[in-house]
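A.B. asks: First the structure, which I've put down as structure tokens, then a few questions once you've had a look.
Each value in this text was obtained by applying a stated rule to the coordinates, not by laboratory testing. No experiment lies behind these values; they were computed from the predicted model shown. Counting neighbours? That spans all protein chains shown, and the Cβs are built from the backbone with ideal geometry, glycine included.
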Amino acid sequence: MRIVLREGRVIDPASGRDEVADVVIEDGRVLRVGVGAAGDAREGDRDTRVVACNGRWVVPGFVDLHTHLREPGLEYKEDIVSGTRAAAAGGFTTVCAMPNTKPVNDTRAITEMMVAKARSHGVVRVHPIGAITRGQLGRELTEMADLKDAGCVAVSDDGRCVTDAAVMRRALEYARTFDLPVVQHAEDHALTAGAQMHEGAVATRLGLKGWPRVAEDHIVARDLMLAASTGARYHLAHASTAGSAALLREARGRGIRVSAEVTPHHLTLTDEAVMGYRTACKVNPPLRERGDVDALIDALADGTLDCVATDHAPHAAIEKDCEFSEALHGMVGLETCLALLLDLVRAGRVAPGRLVDALTSAPARAFGIDAGTLREGARADVAIIDPDRVWTVDARRFRSKGRNTPFEGRRVTGCVERTFASGVEVYTFVDAAEVAR
Ligand code: DOR
Ligand code: ZN
């Protein structure tokens with residue numbers, strides 16, 4: 001079976017391509033890409049399907065470095081099937097699964113179980129991330145060789161920070177021997193004890209205990225020093241402050257091997273969104289202020305923050321429909337990611353090619369994953385995007401089990417129209433309004 005994606009705007013930063021061209025897929029791989037690559041292939045030709053892509057973007061399937069799939073143990077929030085379906089709906093064909101499951105993914109057995117389940121039941125590719133420390137308790141290191149051998153692409157204690165500098169230093173040294181990136185959730189828990197949201201005027205007005213920027217910044221500063229002295233691969237999860245962006249920019253300038261991600265919500269919302277005690281906006285790290293958001297956007301635009309990652313964190317309704325102090329941290333992100341970020345492109349803040357790079361080849365590079373390009377011979381993981389289509393966020397229609405989005409009811413512009421994983425169409429957009437008519 002041959003699939004021809006005809007005359008879309010093909011944006012593939014890994015091969016330096018941004019032009020109106022055809023993509024020809026055969027046997028799950030990209031056979032040819034280029035102007036006129038489809039020749040005279042027509043709908044109705046035997047064994048050929050033609051998808052007209054005029055006015056659409058044709059891009060590599062997105063790679064998410066930070067997804068909470070919640071399996072094993074927390075399947076009431078999400079599981080590998082629902083989470084990978086949500087990924088496909090967001091244009092993602094590869095997701096990296098965080099280890100704060102129940103039990104924590106700190107062993108070969110759990111990694112192998114996840115890989116097997118994802119292979120048999122997942123609709124997109126899943127790469128587990130193993131824990132840095134046993135039980136994510138911040139003390140003893142995990143068997144990183146086993147984790148890597150079983151399929152982990154990185155290690156992280158996400159949800160918790162590795163605060164002990166000696167443990168972090170040993171983790172970087174140990175991970176380096178296996179060339180595994182160490183992903184830090186930067187938060188000095190001593191400075192955030194009891195904190196509910198960003199420390200600032202809004203927290204004061206709401207009477208909530210605040211979470212200072214410095215709790216993130218000084219961990220990032222320390223980690224960059226440790227990364228430089230160990231030569232390990234360091235990756236900063238969900239950067240949320242202007243300080244983190246400045247520290248990363250400076251470290252990159254000195255040639256330190258770092259990568260970093262920023263989430264769609266930290267790029268588009270401020271702490272003002274929490275007004276009214278909106279638990280949908282309770283997230284870790286917290287939503288910051290306009291100055292931070294602007295610094296994060298600039299850092300995404302110039303590549304200091306090389307990756308966008310969703311931190312898709314589904315929770316059950318009961319865990320969010322409660323007092324603010326009781327609500328769990330996190331919001332779902334896979335299915336709204338693209339539309340939110342296209343606003344930054346339309347505002348002229350981030351170039352289209354940079355955005356696609358941050359969702360595809362940059363994350364693939366950060367974790368050494370074979371994905372994120374439409375080069376000839378690559379696996380045919382492709383997203384077709386209609387950048388102008390207007391739709392309304394309706395959490396009831398999410399593929400995710402999580403409905404915890406602060407964007408409910410928002411009119412957004414730009415949608416993922418189709419997603420192909422290894423040449424198989426795993427998602428097709430259906431407009432609810434059109435169905436209703
Ligand atoms: O908001 C968050 N939710 N931040 C994290 O670091 C963890 C995540 C979760 O697992 O729910
Ligand atoms: Zn985190």
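A.B. asks: Counting just the Cα atoms, what span does the chain cover along each of its three principal axes? Round to the nearest Å and put the largest first.
C.D. replies: Here the spans come out as 65, 49, 42 Å, largest first.
A.B. asks: How much length would be gained if the chain were fully extended between Arg249 and Val35, taking 0.36 nm per residue of separation minus their Cα-Cα distance, in nm to one decimal?
C.D. replies: Full extension of this stretch gives 73.3 nm more.
A.B. asks: What's the local net charge at Thr163, with K and R +1, D and E -1, over the other residues with C-beta under 13 Å away?
C.D. replies: Neighbour charge sum, excluding Thr163 itself: -2.
A.B. asks: Compute the distance in nm between two label points, each set 7 Å from the Cα along the Cα-to-Cβ direction, one at Ser229 and one at Ser120.
C.D. replies: It is 4.7 nm.
A.B. asks: If you take every residue apart from Val262 with its C-beta less than 12 Å away from the C-beta of Val262, what net charge results, scoring Lys and Arg +1 and Asp and Glu -1?
C.D. replies: -4
A.B. asks: Which of Ile256, Ile80, Ile132 ends up with the largest GNM mean-square fluctuation for the chain, with Cα atoms connected below 10 Å?
C.D. replies: Checking each option, the largest mean-square fluctuation is seen for Ile256.
A.B. asks: Roughly what would the spin-label model give for Glu326 and Ala201, points 7 Å off Cα along C-beta, in nm?
C.D. replies: Label at Glu326, label at Ala201, 3.2 nm between them.
A.B. asks: Still on this structure: Just check region 1-41 against the gyration tensor rule for me: Cα atoms, a ≥ b ≥ c as the square roots of the eigenvalues, rounded for a/c under 1.5, and otherwise prolate or oblate depending on whether a/b exceeds b/c.
C.D. replies: It is oblate, given that a/c is not under 1.5 and a/b is not larger than b/c.
A.B. asks: Compute the orientation-averaged projected area for region 1-128 from the convex hull of its Cα atoms and round it to one decimal in nm².
C.D. replies: Projected area, direction-averaged: 9.2 nm².
A.B. asks: Still on this structure, I have one more. Among Ala421, Ala41, Ala260, which one shows the highest mean-square fluctuation when the chain is modelled as a Gaussian network with alpha-carbon springs under 10 Å?
C.D. replies: Result for the chain, Cα springs under 10 Å: Ala41 fluctuates most.
A.B. asks: How many lysine pairs does the chain hold where the Cα atoms are under 15 Å apart and the two sit 8 or more places apart or on different chains?
C.D. replies: Lysine pairs meeting both conditions in the chain amount to 6.
A.B. asks: Could you sort 314-324, 353-363 so that the peptide with the highest average Cβ count within 10 Å comes first and the rest follow in order?
C.D. replies: 353-363, 314-324
A.B. asks: Show that you can apply the helix-only estimate: for the chain, add -39,500 (n - 2.57) for every DSSP H stretch of four or more residues, divide by all residues, and state [θ] at 222 nm to the nearest 500.
C.D. replies: -8500 deg cm²/dmol
A.B. asks: How big is the Cα convex hull of region 270-411 in projection, averaged over all directions, in nm²?
C.D. replies: Averaged projected hull area, Cα only: 9.8 nm².
A.B. asks: Between beta-carbons, use under 15 Å as the cut-off and find the net charge around Pro128, counting Lys and Arg +1, Asp and Glu -1.
C.D. replies: -4
A.B. asks: 7 Å from Cα along Cα→Cβ at both Met1 and Asp27: what's the point-to-point distance in nm?
C.D. replies: The answer from the label model is 1.6 nm.
A.B. asks: Where does each of 275-288, 386-399, 86-99, 137-150 land if you order them by average Cβ count within 10 Å, highest first?
C.D. replies: Output ranking for 275-288, 386-399, 86-99, 137-150: 86-99, 275-288, 137-150, 386-399.
A.B. asks: Sticking with this one: Just subtract the alpha-carbon distance of Ala190 and Asp164 from 0.36 nm times their residue separation and send over the number in nm, one decimal.
C.D. replies: Separation in residues times 0.36 nm, less the Cα-Cα distance, equals 8.2 nm.
A.B. asks: Same structure again: Within region 33-66, whose backbone N sits under 19 Å from a point 7 Å along Cα→Cβ of Ala351?
C.D. replies: Taking a point 7 Å out along Cα→Cβ of Ala351, the residues of region 33-66 whose backbone N falls under 19 Å are 57-60.
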